[in-house]
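Just below is one structure, and these are the notes that go with it.
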Amino acid sequence: MAGSEQWVLVEMAQAVYEAPAYHLLLEVFLIICIIRLLFFSKSYRPLDRTQLTEAEEEELIREWQPEPLVPANPSPPYLKYHVVSGAAGKFVTVDNRECLNLSSLNFLGFLESPRIKAAALSSLRKYGVGTCGPRGFYGTFDVHLELEMKLASMMATQEAIIYAYGPSAISSAIPAYAKRGDVVFADMAVSLPLQQGLSASRSNIRWFRHNDLDHLETLLKEQAAEDKKNPKKARVVRRFVLVEGIYLNTGNVCPLPELVQLKYRYKFRIFLEESLSFGVLGDTGRGLTEHFGINVEDVDFICSTMENSLATIGGFCCGRSFVIDHQRLSGQGYCFSASLPPLLTVAALEALVMMEEKPEMFKELREQCRLLYDSVQGIPGLTVGGNPVSPVLHIRLAEPSQSRERDMATLEAIIESCAQEGVAVTLARCIEKDEVFPPPPSIRLAVNVELTQGEIHRAAVVLRSAASHHLLE
Amino acid sequence: MNVGVAHSSPNPNSGVMNSRGTWLAYAITVGSLHAVLISMPFLSIGLAWTLTNVFHNLAMYVLLHMVKGTPFITPDQGKARLLTYWEQIDHGMQYTTSRKFLTVTPIILYFLASFYTKYEPQHFAVNTVSLMSVLVPKLPQFDRVRIFGINKY
């Protein structure tokens, strides 16, 4: 045995002697490479080679504004509060004056409903106040599951998911699906939580002019042309369109039927945010899809806050199970925030039950919206922004000055006169430095279903007289 | 999946080869592949070594230089979606310890295969081509390079 082993070794050694030169040279070269790699190389980070296009470079150069070393004082309006005492229902006590409330987004009047309050109080006695945990860590209560099932069945979708804070619903939902390299076509008038969701998603945003589907189609055609030039890239790029049902910043309604047609022609997913249209539009308050008679499956998900019509805290997102289930692990606001307190969940449940019991309230609400819209038309010096069916209207100056502060001061003066006459309206607030396209200053009117026709007329008259007092002098 | 959220590295792929035991596991895997091949009676020793070398390099090429992205969703919104695993190691830093280890192992296997095939030219051709296919993509000059747009998206 030992002999044959040695014999094999001798054979091996002989093979090395008789090895071809090129092979041995290669091995020596590889040994030198190893030595160089192990002993004579230092780790370093290569420079980031992201290439910016000319247009992007120009835009970055143009956008750059040097910030002052010492920031200027915050503008006074933020320091001048109108203090509300008591509940802000149909009547609100502002600065110790009781006024008719046309500022709160309490469309269905649930804020002061005794039935909802009773349900919330009984659940407070049962569950306590908070949940002390996110949904994944002992924060899921039976009422959460109940509310999710009820919302899903009401919206005729497969599944719904609840968030504990309204704006975090949409700002968590968008980055759960849209990632780097994806393209989102967004309306220019989307509100701040949607803009925050878009920037958190790190995708390429293409803004299209507000409610201008022709502009959207132009952008889609450009995208299609790019895709044709680079089909391999197009196969991995996801395309989305983000719209609101009724826009908070303008009061206009999104033309959903045409958008769905565009969807099937240009192949993108629709993200519909229905904060103002849920519980407002449609025969049973299901929102924009019911209003236009569109199959809810044509929209990829519907997101809304429960803080407007349902008069509680929180938000939800509903759609197909395949879509919504993804947010249970990828929705940052769902996984990493404490869940909705049970008393607020029960308030939402009760509100949904009340919506189901009395579907006439939506028709009433729409009639009042129409009435307010008609009543505020033709005020000299002011224009009305919004749709007759929208519960939110924006009153803007017909001839805005160049200075935003001056316009806001004018509108504040009008609001102050209205408050003196007993009608509480508000300036549409926005954080100018955070908004991508800050909307022009406006007074935002909100309709409440509990308002009577007389009260709506009176509010319009008060607004007219306040405007004539401040604008025609 | 909520990976990489509890500590500083948003892409866990970058630190796998630095973890305790991965080098040993790698060596054991290659060793067991070779053990299986060498125990086949119909394969000569030289052929078994060449096949070990080729299978190892093939697996290395596919896993390190062909497959892109991560098998999980990362909290950085898909920064590594178009990067191969080799490009993700240590967040793109070149010449780190793990990269040196992964560069040296195919060369060692090549030396062993060359020795046990007695430097025959047919085995030389196959082994050298296989080695080059796995060494060239590891050069820093080839970081994030896609030739002819293959495997770019």
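Tabulated results
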item	result
Charge-dipole axis of the protein assembly as shown as Lys and Arg at +1 and Asp and Glu at -1 on Cβ define it, positive-most pick from A:L145, B:V16, A:S199	B:V16
Computed E for A:F336/B:I108 - FRET, C-beta separation, R0 51 angstrom, nearest 0.05	0.65
Region A:223-368, dipole about Cα centre (Lys/Arg Cβ +1, Asp/Glu Cβ -1), debye to the nearest 20	1240 debye
Chain A: proportion of alpha-carbon pairs further apart than 34 angstrom, %	46 percent
Model label zone, A:S43; criterion: amide N under 18 Å from point 7 Å along Cα-to-beta-carbon; scope region B:136-153	B:138-141, B:143
Cα pair distances of region A:329-422 binned at 5 Å [whole percent]	3, 10, 11, 12, 13, 10, 11, 14, 11, 4, 0
Cα-based radius of gyration of region A:406-453 once divided by 2.2 N^0.38 Å, which approximates compact folds	1.36
Rg/Rh ratio calculated on Cα atoms of region A:269-411 (Kirkwood radius)	1.05
Cα-centred dipole magnitude for region B:88-153, charges only on beta-carbon of K, R (+1) and D, E (-1), debye, nearest 20	160 debye
Cα-based Rg / Dmax (Å) for region A:163-235	13.6, 44
Estimated distance in nm for a label pair at A:Q14 and A:R36, the labels positioned 7 Å out from Cα along Cα-to-Cβ	3.7 nm
Principal-axis tilt of helix A:404-420 within chain A, Cα atoms, nearest 10 degrees	40 degrees
Dipole of chain A [Lys/Arg +1, Asp/Glu -1 at C-beta], most positive-end residue of A:A87, A:A347, A:V384	A:A347
Linear extension gain, A:T93 paired with A:V353, 0.36 nm per residue minus alpha-carbon span	90.7 nm
Simple label model, 7 Å out from Cα along Cβ direction - A:V84 to B:A25, nm	5.6 nm
Residue among B:N53, B:L43, B:L139 farthest towards the positive dipole end of region B:42-153, charges placed on Cβ	B:L139
Rounded to 5, percent antiparallel among DSSP beta bridges of the protein assembly as shown	60 percent
Whole-number D in µm²/s for region A:60-171 (Stokes-Einstein; Kirkwood sum over Cα pairs; 20 °C, 1.002 mPa s)	113 µm²/s
Chain B - Debye-derived log10 I(q)/I(0), Cα point model, q = 0.12, 0.17 Å⁻¹	-0.58, -1.02
Relative contact order (%) - chain A, alpha-carbon pairs under 8 angstrom, separation at least six	19 percent
For region A:112-185, average projected area of the Cα convex hull in nm²	7.5 nm²
Acute angle (nearest 10 degrees) that the helix A:453-471 long axis makes with the longest principal axis of chain A, alpha-carbon atoms	80 degrees
Rg/Rh (Cα only; Kirkwood hydrodynamic radius) as it applies to region A:210-288	1.06
Folded to 0 to 90 degrees: helix A:142-154 orientation relative to chain A principal axis, Cα	80 degrees
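Each value in this text was obtained by applying a stated rule to the coordinates, not by laboratory testing. Since we're looking at a predicted model, the values are computed, not measured. Every residue, glycine among them, receives a Cβ derived from its backbone with ideal geometry; neighbour counts consider all protein chains shown.
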